[in-house]
Structure formats: C-alpha cells, structure tokens
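Data block below; observations after.
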Amino acid sequence: MRKIARIVKIDKVEKHTNADTLDVCTIGRWNVVAKHGLHTQGDLVVYCEIDSWIPHTLAPFLTKEGKQPKVFEGVEGQVLKTIRLRGVLSQGLILPVRETSLNADEVYEGNDVSKLLGILKYEAPVPATLAGKMRCAFPGYVPKTDSERIQNLTQEFEEWKNAGVCFNITEKLDGTSATFMNYNGDIHVCSRNWSLFEDDTNVMWKMYHKYKIKEALTGIGFNCAIQGEVVGSSIQTNTYKLNDQRLFVFNIYNIDEKYYLNHEEITEICLKFKLETVPYIAKIRLTQYHTIENLLENADGQSELYKDAAREGLVFKGTDSTYLNFKAISNNWLIKNK
C-alpha cells in the first residue's frame, strides 16, 4: 500500500541555486524545495508525496493569502502537485515533526502517518458516466491496479540492476482503469474502487459490451480478471484526441492460482479475443540506466497512440515475475498536468 505520508530521514540538503531563501531537500529520489535553514541532513521529518491532500489545519501556508482552502471529502486543504520553484523541480512537502501532533513513539523511519495526521490520497472527482451505480466494494480476490513509483525504490533499483533483472516496458496511458472479473460465474465490472451494477450509460459497462469481455472471461479457461485503461472522449482531457472510447489491456490475473500472466500470455489471449493492449515499448535490463534520474528522463517522450501528445510515463514489469513492477511518471507530463 502506498504510504502517502510517512516518517523519513532527509538524505541531503543543498542551497537552492536561484533563491537565497530556499533549500533543496532530497529524500530517496524525490526533491522538495523548502525554506532555507528549516531542515538539515539526517533530520526525521514527515514527507508527504504528491497527490496528498493536506488538511488546512496542518499546513495553512499552502493556501494562498486571501484565498479560501479547497474541500475534498469534507476536509479543507490543498492537494500536492509537482511544481517548479525558481527553476527547480519540487515534488511533495516536508513537515518538521515538532510542528505536527505526532507522539514520540510514532516518530520512526518508515511509519505511515497518513491517518494520524488526517492526510488523504487525492482522487479527482469522477464524472457520472464513470462513477456508475455501486454494487459492492472492489472484490478482494483481485489486486487493485497500481504500481509503486521508482523514486520510492532506490534500494530495489540498485539490486535489480546488479542482478540483471529483465523488464518489459509498456506505455502508461492517461485514462481511467477498469477491471472485469469472472469468479465461478459471478462477473464483476469495476472502476478503481467499486463493482458497478449494469448501466448502459456507464463507460465501464460500455467497454464490457463493446469488446465482448464476457467471451474472454469465460473462454480463458480459469477464473480471471482482465484489467485495462479506458481512454478517449470524455475521459480526462482526451489526451489522444480519440473520437470514441477504447480499452487497452495491461493485466490479466489468474484468480485461482493468484498470479499475473506474463506479457506473452496476455498478448496471445488478447489476439484470440480481439482485445487491444497498451503500447509495448521494449524489453530491457536496468543496467542501461545508470541512475533513477536517467530512467525518469527516458519516461519523457511522445505517446504511441498520438504522436502530438506527451506520454504520461512508462510501466516496468519483470519478465520472470510480473509482481516485480514499478512505474516511472514523466516529470514533464506532471508539470504540464499539475
């Protein structure tokens, strides 16, 4: 589970090259611009990742003077986005422990303090055509769609690189995720968090019928889930300038054996049932990337779906174990879509 706010140790503090009143603090591979002199190397602090919803009571300075804080799930505050401050990329927020309500026994490296501080993971409002009518919570026998960001995997990156682990790379598409599952004849059509009742106006159900997903779910031969990204008209900003809505498969999960199928197996099944897959980029070993920064630079680029659009990023999945996966989100894309 993603720790949206956690206790970390500051790895490095450097003076901002373009601002005398600012420092650049490094945590793993995240850089955060902060007030000069507020932090020192080795400090234990609260690090809040981008996409955190920070309550106004915790950090009132995030709301511009003269403005009212925004509201998300009944909590006044602001969402953290990737920004540039005087030319330097800043991703997240660092809070001194002394300025929070945390007790001493709660301040240890790695502790998830999101709930303790009332920090939420921000989710953009879902249009009615995507939200649908909730049948039940997302069934627990299938993992939800998510991958860890490479900036949080500095140690693993070096281990995988030294071990020569091989990864398949696909494009991360800018849309909304959908999961279709069949468990002993019980079929679920799901958004990220919910199973939805059938509804002709709902995008997930439109994809289910358009691509004849039932034929795939019942024809694969075992209880399974098909997961993909829905992109196109009325989805986000329709990055790829599509006139319709399309589903691109990125995962197929074997519910009985509890594992993800590999790239070759997914490709074979999708060809058989006429399903589209997310754009495939390459098979590589991490040895071609000297650093995480170098890998993130390679996340920049143009989309395979629409050459005039910048891609959101890349997804890496181990060829021997598809549970070995991470994502690299393009910083250029984050800045443009902040």
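The values are calculated or read from the model by the stated rules, or taken from the named source; none is laboratory data. Keep in mind it's a predicted model, so treat the numbers as computed, not measured. Cβ atoms come from the backbone with ideal geometry, glycine included; neighbour counts cover every protein chain shown.
Scanning segment 193-213 for residues that are without any contact (Cβ under 8 Å) to a residue 60 or more places away in the chain and of a type in the set (Lys, Arg) turns up 206, 210.
Assessment of segment 310-318 against the conditions (more than 25 Å from residue 123 (Cα to Cα), in the same structural domain as residue 168 (by TED's automatic domain parsing), more than 17 Å from the chain's Cα centre (by Cα) and touching a residue at least 40 places away in the same chain (Cβ under 8 Å)) yields at least one matching residue. Out of 32, 13, 45, 75, one residue alone is of a type in the set (Val, Ile, Thr), buried (at least 18 other Cβ atoms within 10 Å of the Cβ), in contact with a Leu (Cβ under 8 Å, 6 or more places away or on another chain) and without any contact (Cβ under 8 Å) to a residue 60 or more places away in the chain. It is 45. Of all residues in segment 280-301, none are closer than 24 Å to residue 191 by Cβ and either in contact (Cβ under 8 Å) with a residue 24 or more places away in the chain or surrounded by 20 or more Cβ atoms within 10 Å (Cβ to Cβ) (or both).
Restricting attention to segment 235-280, the residues that are assigned to a strand (DSSP E or B) and either hydroxyl-bearing (Ser, Thr, Tyr) or within 19 Å of the chain's Cα centre (by Cα) (or both) total 11.
Taking segment 122-136, which residues are at pLDDT 90 or above and surrounded by fewer than 16 Cβ atoms within 10 Å (Cβ to Cβ)? Result: 135, 136.
Conditions tested, residue by residue: (1) crowded, with 21+ Cβ neighbours inside 10 Å; (2) modelled with pLDDT under 95; (3) out of contact with any His (no Cβ under 6 Å at 6 or more places or on another chain).
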| residue | (1), (2), (3) |
| --- | --- |
| 181 | yes, no, no |
| 195 | no, yes, no |
| 215 | no, no, yes |
| 222 | no, no, yes |
| 225 | yes, no, yes |
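Output yes when any residue across segment 80-102 is closer than 29 Å to residue 194 by Cα, among the charged types (D, E, K, R) and touching a helix residue (DSSP H, G or I) at 6+ places or on another chain (Cβ under 8 Å), and no when none is. Scanning segment 80-102, I find at least one residue that is closer than 29 Å to residue 194 by Cα, among the charged types (D, E, K, R) and touching a helix residue (DSSP H, G or I) at 6+ places or on another chain (Cβ under 8 Å), so the answer is yes.
Give me the residue from segment 36-70 that is part of a strand (DSSP E or B) and under 22 Å from the mean Cα position of the chain (by Cα) and, out of that set, farthest from residue 151 (Cα to Cα).
To start, the set of residues in segment 36-70 that are part of a strand (DSSP E or B) comprises 44-48, 52-55, 70.
Next, from what is left, pick out any that are under 22 Å from the mean Cα position of the chain (by Cα): 46-48, 52-55.
Numbers: 46: 17, 47: 13, 48: 13, 52: 16, 53: 20, 54: 21, 55: 25 Å.
Here the answer is 55.
Please determine, by comparing only the residues of segment 281-314 that are of a type in the set (Val, Ile, Thr) and outside any helix (DSSP H, G or I), which one is modelled with the lowest pLDDT. Looking at the filtered set, the residue picked out is 291.
Only residues that are in a helix (DSSP H, G or I) and either within 21 Å of residue 305 (Cα to Cα) or polar (S, T, N, Q) (or both) were counted across segment 175-205, and they come to 2.
Criterion applied to 312, 297, 304 was being among the acidic types (Asp, Glu) and more than 22 Å from residue 31 (Cβ to Cβ), and the one residue passing it is 304.
The residues in segment 315-338 that are under 24 Å from residue 262 (Cβ atoms) and assigned to a loop (DSSP other than H, G, I, E, B) can be counted, and the count is 6.
Of all strands (runs of 3 or more DSSP E) completely enclosed by segment 72-173, which ones contain at least 1 residues that are among the charged types (D, E, K, R) and more than 24 Å from residue 328 (Cα to Cα)?
75-79, 134-137
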